[in-house]
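Reading through the C-alpha cells given below for one structure.
Please treat every number below as a calculation from the coordinates, not as lab data. Computed from a predicted model, the values in this text were never measured in an experiment. Heads up, the Cβs are rebuilt from the backbone with ideal geometry, glycines too, and the neighbour counts pull from every protein chain shown.
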Amino acid sequence: MTATRRLPVFEKFIRDLRIAWAESPDAESRMKRGAELLESLVKDETLRQAAKSWPSTEGRKNLLFYEDFDYGFAINGVVRVAGRKGSIHDHAHAWTAYGVLDGTESLERFRRVDDRSKEGYAKLELASVTAGEPGKVDLVPPFEIHAEQGGPTRSVAVILRSERVAGKVLQGSYDGANNTIRLIEGPTNIPYEITG
Ligand SMILES: [Fe+2]
C-alpha cells in the first residue's frame, strides 16, 4: 500500500492558518490573515497543476479539502465548467475568502436596497464586479451578498471559510430578477485529499 501525503504547499497553508487562529483574537482578524495566506497559496504552481485533475463540482457541490478539528475553519474547492452561471447568495454569519487558482471568473458584489420589512422580498443592486484571475482573493464578510460567474474556460477556486456553513446553518439565496430571498442548505461537501 502506498501512503499518500498532502501536497507540501497545502500542508504548510494549514499549518500557517492554525498559527493565525492561535494568535489572532477574532474571526475578522483571523480571516484577514487567512486571506493573505490564501493569496500566496493560489499563486502556487504545484497546486495549480494538482488542480487540473480535480473533479467538477457541478450540481451544487464543494470539494472539502480540510476542516480543522480545533478551530473549525474549513477549506473547500470549487471547479466550474466554462460559462458557469453563478447564483446570488450569502454565507450567513461565516467569513469567506475566495481565491481563484486556475482560469478566470468574475466576482460580483450586490447591495440590498429594500428595508427588509417584507418576508421573502429582497431588492438588490449590483455594487461591483471584479475580475477574478489566478492569485486573486476576495474576502467576503458575513451576510455580504455576492455571486461568482464562470469564465470562458474551466475555472478552479479555493475557499477558506471561518467555519463550514453547509450542513450547519441555512444561507441566503437571492433571485435578482424576481426580487426574492429564500434560505437554503449550502452545497454538498465532498471530502477530497490534495496529495502530491
Ligand atoms: Fe460564495
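Counting Lys and Arg as +1 and Asp and Glu as -1, each charge on the Cβ, what is the dipole of the chain about the Cα centre in debye, to the nearest 20? Could the numbers behind the result be given before it?
On the way: 28 positive and 29 negative charges, 76 e Å.
Once rounded to the nearest 20, the dipole reads 360 debye.
Taking Cα centroids, how far is segment 83-148 from segment 11-30 in Å?
Answer, in whole Å: 24.
Largest first and in whole Å, give the semi-axes of segment 30-87's equivalent ellipsoid, each being the square root of 5 times a Cα gyration tensor eigenvalue.
Numbers: eigenvalues 94, 49, 29 Å².
The three semi-axes for segment 30-87 are 22, 16, 12 Å.
Test of the criteria: in segment 97-186, which GluC sites (Glu not before Pro) are in a DSSP loop and have at most 14 other Cβ atoms within 10 angstrom of their Cβ?
E119, E185
Hey, what number do you get for the chain at 222 nm if only DSSP H runs of n ≥ 4 count, each worth -39500 (n - 2.57), divided across all residues, to the nearest 500? List each step's numbers first, then the result.
On the way: 3 runs with 38 residues, N = 196.
Value at 222 nm, helices only: -6000 deg cm²/dmol.
Which translational diffusion coefficient, to the nearest whole µm²/s, is obtained for segment 126-190 from the Stokes-Einstein equation, given a Kirkwood hydrodynamic radius over C-alpha pairs, 25 °C and 0.890 mPa s?
Translational diffusion coefficient: 174 µm²/s.
Could you work out the relative contact order of segment 49-156? I mean the mean sequence separation of Cα pairs under 8 Å and 6+ apart, divided by the number of residues, in percent.
On the way: 218 pairs, mean separation 38.5, N = 108.
Relative contact order of segment 49-156: 36 percent.
If one takes the longest principal axis of the Cα atoms in the chain, at what angle in degrees, from 0 to 90 and to the nearest 10, does the Cα axis of helix 27-41 lie?
For 27-41 against the chain, the angle is about 60 degrees.
Given Cβ point charges of +1 (Lys, Arg) and -1 (Asp, Glu) and nothing else, what value in debye, to the nearest 20, does the dipole of segment 144-196 about its Cα centre take? Before the final figure, lay out the partial values.
Working: 5 positive and 6 negative charges, 13 e Å.
Charge dipole of segment 144-196: 60 debye, to the nearest 20.
So how tilted is helix 8-23 from the main axis of the chain? Cα-based, degrees 0 to 90, rounded to 10.
Orientation of helix 8-23: about 60 degrees from the principal axis.
Just the Cα atoms of segment 68-175: what Rg and Dmax do they give in Å?
Using the Cα atoms of segment 68-175, the pair Rg, Dmax is 14.2, 41 Å.
Rg over Rh of segment 1-109, using C-alpha atoms and the Kirkwood radius, what does it come to?
Details: Rg = 14.8 Å, Rh = 15.4 Å.
Reported Rg/Rh (Cα atoms, Kirkwood Rh): 0.96.
Under 8 Å for C-alpha pairs, at least 6 residues apart: give me the relative contact order for segment 1-60, rounded to a whole percent.
Details: 20 pairs, mean separation 22.4, N = 60.
Value for segment 1-60: 37 percent.
Given bins 5 angstrom wide, list per bin the percent of all Cα-Cα distances in segment 65-130, short to long.
In order of increasing distance, the bins hold 3, 11, 17, 22, 17, 13, 11, 5, 0 percent.
I need the Kirkwood Rh of the chain: take the reciprocal of the average 1/r across all distinct C-alpha pairs and report it in angstrom. Please report the intermediate quantities before stating the final value.
On the way: mean 1/r = 0.0582 Å⁻¹.
It is 17.2 Å.
If you build a Gaussian network model of the chain, linking Cα atoms that sit under 10 Å apart, which residue out of N179, N62, N76 swings the most?
Taking springs between Cα atoms under 10 Å, the residue moving most is N179.
For segment 138-196, what's the relative contact order in percent, using C-alpha pairs closer than 8 Å and at least 6 residues apart?
Details: 31 pairs, mean separation 13.7, N = 59.
Relative contact order, segment 138-196: 23 percent.
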